[in-house]
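In what follows, a single structure is set out as structure tokens and then discussed.
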Amino acid sequence: MSMKINGVLPSPDEIKSQFPLSKELALAKATRDKQIRDIFEGKDDRFVLVIGPCSADNEDAVCDYISRLAKVNEFVKDKLMIIPRIYTNKPRTTGEGYKGMLHQPVPDKAPNLAEGIVAIRKIHLRAMSESGLSSADEMLYPENRSYLDDLLSYEAIGARSVENQQHRLTASGMDIPVGMKNPTSGHLSVMLNSIYAAQHGHNFIYRSQDVTTSGNDLAHAILRGGVNKHGNNIPNYHYEDMMRLLELYDKMDLKNPAAVIDTNHSNSGKQYKEQIRIAKEVLNSRKHNGDIKKLVKGMMIESYIVEGSQAISHEGIYGKSITDPCLGWQDTEKLIFDIAENC
């Protein structure tokens, strides 16, 4: 037999009981969730920033980074809705490499899923407790989101997962914004079909249960660029791309048409410094066209304490990405203020 069962993992209820969300934090999160909903429904004109490391690799460094975000947030909260990016599981194109804190709570040690489940809940809880900011994560494994579903204010479905039936159906049962990335091909219709599926109710199997969902009216598009058959990056953050998305949205029966622009990945070609230029171009497009301003609700930006990236090692640099390269804190702080001034 090619699959070995290593053990039974604790249930979400067991983990939540062990590491509960306090009533105070639950109330604070509910307030933020309502504010974020108002933004996606067009009732609040603040601009959303889903911002943080490519991957959450170290609890202390990530919480340090988010505490810095919280201080900046005090100056820009009337203009921006900052949602810290705490991505605890990472898709890997070939299956090789660091798969995130869920798999390896200590990156240079062997995988340990039991410890990883505890680690991802603890980091989200600590970050919210210390900063007051509820966070975002990627729904890489639909069934595992149950360990965090009371903590998250935003979730993303990645380019490799957006065509997956279980991701789409699980998204239909969520009550927070879920961003559907365009697939790696860049095909916008695939993404919009996923949004349509997520906005409608379904009956399916979830964690060995027969469930029915009512649909998620906050499911929306994330433009992250694509790659053509020759492996060349095809960005889709330009003015013309947003107009094209508007046209496609108009042809479909979708609620709350919205888009978030991912400034890294195939939009930047993973040239992390390009995120600054791309962010400014997106803001200019919003200023030029009122329909685009109404459509584009925010951006995703990858940043950390130290710019760039590094290989995994025991002697690693504190606050430097071990996956995709990120903006450093100095550039990040300046960019946040620039976005607040020009959004």
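The residue that is nearest to ILE336 (Cα to Cα), counting only those in segment 251-275 that are buried (at least 20 other Cβ atoms within 10 Å of the Cβ) and either touching a Cys at 6+ places or on another chain (Cβ under 7 Å) or of a type in the set (S, T, N, Q) (or both), is GLN275.
Under the condition of being touching a His at 6+ places or on another chain (Cβ under 8 Å) and in a loop (DSSP other than H, G, I, E, B), the residues counted in segment 232-275 number 3. For LYS229, the conditions (1) assigned to a strand (DSSP E or B); (2) free of Cβ contacts under 8 Å to residues at least 12 places away in the same chain all hold with the exception of (1).
For the residues VAL62, VAL50, the requirement of being crowded, with 16+ Cβ neighbours inside 10 Å, of a type outside the set (Asp, Glu) and part of a strand (DSSP E or B) singles out VAL50.
The set of residues in segment 56-92 being over 24 Å from LEU283 (Cβ atoms) and either among the acidic types (Asp, Glu) or modelled with pLDDT under 95 (or both) consists of ASP57, GLU59, ASP60, ASP64, ASN89, LYS90, PRO91, ARG92.
Among the residues of segment 93-151, which ones are part of a helix (DSSP H, G or I) and aromatic (Phe, Trp, Tyr)? Of everything in segment 93-151, just one residue is part of a helix (DSSP H, G or I) and aromatic (Phe, Trp, Tyr), namely TYR147.
Look at ASP331 and say whether it is crowded, with 16+ Cβ neighbours inside 10 Å and modelled with pLDDT of 95 or more. For ASP331, the condition - crowded, with 16+ Cβ neighbours inside 10 Å and modelled with pLDDT of 95 or more - is met. If only residues of segment 209-233 that are within 23 Å of ASP137 (Cβ to Cβ) and exposed (fewer than 13 other Cβ atoms within 10 Å of the Cβ) are counted, the one that is farthest from the chain's Cα centre (by Cα) is GLN209.
Annotation: ILE292 fulfils all but one of (1) assigned to a helix (DSSP H, G or I); (2) within 17 Å of GLU341 (Cβ to Cβ); the unmet one is (2). ILE278 satisfies every condition listed in (1) more than 21 Å from the chain's Cα centre (by Cα); (2) of a type in the set (A, V, I, L, M, F, W, C); (3) part of a helix (DSSP H, G or I) except (1).
If you go through segment 161-188, how many residues are over 14 Å from the mean Cα position of the chain (by Cα) and in a loop (DSSP other than H, G, I, E, B)? Number satisfying all stated conditions: 11. Would you check if PHE19 is among the hydrophobic types (A, V, I, L, M, F, W, C) and either more than 21 Å from the chain's Cα centre (by Cα) or loosely packed, with under 14 Cβ neighbours inside 10 Å (or both)? Spelling it out, PHE19 is indeed among the hydrophobic types (A, V, I, L, M, F, W, C) and either more than 21 Å from the chain's Cα centre (by Cα) or loosely packed, with under 14 Cβ neighbours inside 10 Å (or both).
For beta carbons closer than 8 Å, sequence separation of 6+ or different chains, a first residue in segment 311-326 that is free of Cβ contacts under 8 Å to residues at least 40 places away in the same chain and a second that is assigned to a loop (DSSP other than H, G, I, E, B) and among the polar types (S, T, N, Q), the qualifying pairs are ILE317/GLN310; LYS320/GLN310.
Of all the listed residues (ASN182, ASN264), the sole one being farther than 21 Å from LYS293 by Cβ, in contact (Cβ under 8 Å) with a residue 40 or more places away in the chain, polar (S, T, N, Q) and touching a Lys or Arg at 6+ places or on another chain (Cβ under 9 Å) is ASN264.
Whenever a residue of segment 282-306 is modelled with pLDDT of 95 or more, its partners that are in a strand (DSSP E or B) and among the acidic types (Asp, Glu), lying with C-beta atoms within less than 9 angstrom and at least six residues away or across chains, give the pairs MET299/ASP262; MET300/ASP262; ILE301/ASP262; GLU302/ASP262.
ASP78 meets the stated requirement of being assigned to a loop (DSSP other than H, G, I, E, B), exposed (fewer than 15 other Cβ atoms within 10 Å of the Cβ) and of a type outside the set (Gly, Ala, Ser).
Exactly one residue out of ILE301, ILE336 is among the hydrophobic types (A, V, I, L, M, F, W, C) and not in a strand (DSSP E or B): that is ILE336. Annotation note: of LEU27, LEU9, the sole residue that is loosely packed, with under 15 Cβ neighbours inside 10 Å, out of contact with any strand residue (DSSP E or B) (no Cβ under 7 Å at 6 or more places or on another chain), touching a residue at least 24 places away in the same chain (Cβ under 8 Å) and not hydroxyl-bearing (Ser, Thr, Tyr) is LEU9. State whether the residues of segment 290-305 include one that is of a type in the set (Asp, Glu), within 20 Å of the chain's Cα centre (by Cα) and surrounded by fewer than 19 Cβ atoms within 10 Å (Cβ to Cβ). Checked segment 290-305: no residue is of a type in the set (Asp, Glu), within 20 Å of the chain's Cα centre (by Cα) and surrounded by fewer than 19 Cβ atoms within 10 Å (Cβ to Cβ).
The values are calculated or read from the model by the stated rules, or taken from the named source; none is laboratory data. Nothing here was measured: the structure is a model prediction, and the numbers come from that model. Here the Cβ is made from the backbone with ideal geometry for all residues, glycine too, and neighbour counts use every protein chain on show.
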